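Derivation of every value follows stated rules applied to the coordinates shown; laboratory data play no part. Keep in mind that what you see is a predicted model, and the values were worked out from it rather than measured. Don't worry about glycine lacking a Cβ; one is built from the backbone with ideal geometry, like all the others, and counts go over all protein chains shown.
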Amino acid sequence: MFEVVDARSLVPVVAATPNPVVDTGIDRYRQAKQAAARTVLEAKTRVWEEFGEAMEEDYRSASKRFWQTVRRLRRGKQYSANTVYSAGGELLTSTGDIVGRWKKNFRGSPQSHRLAFQ
């Protein structure tokens, strides 16, 4: 189990047999990640094929649809603004204030979490 590297130190040798407990979790994670990547790739391919078919079918508005898509892709994702209010009802705008509000909310019991944001 140990291999002598020099007279004063021992270095453990990694066994050739995998640890079934650790490898099972890692293998399941890798398989799930690959499956998700495959699913996303298939969905993207399908959407682009549908886009191409729509462009071919309606050639009169194809230019407009094409440039709308280009503009949307250039802009990137548009995230909606989530608002957080103080206990007094004032809108919190700074990150520190928002984080502080969440900290205060989650200090209490689980029952108080449900009541604070109803």
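With each label modelled as a point 7 angstrom along the Cα→C-beta vector, the Phe106-Ala36 pair spans 2.0 nm.
What does the charge add up to near Gly96, with Lys and Arg as +1, Asp and Glu as -1, over the other residues with Cβ less than 14 Å from its Cβ?
On the way: positive: Arg101, Lys103, Lys104; negative: Asp97.
Taking every other residue near Gly96 into account, the sum is +2.
Within straight-line reach of Lys44, meaning a Cα separation under 19 Å, sit the following lysines at least 8 residues removed in sequence or on another chain: Lys33, Lys77.
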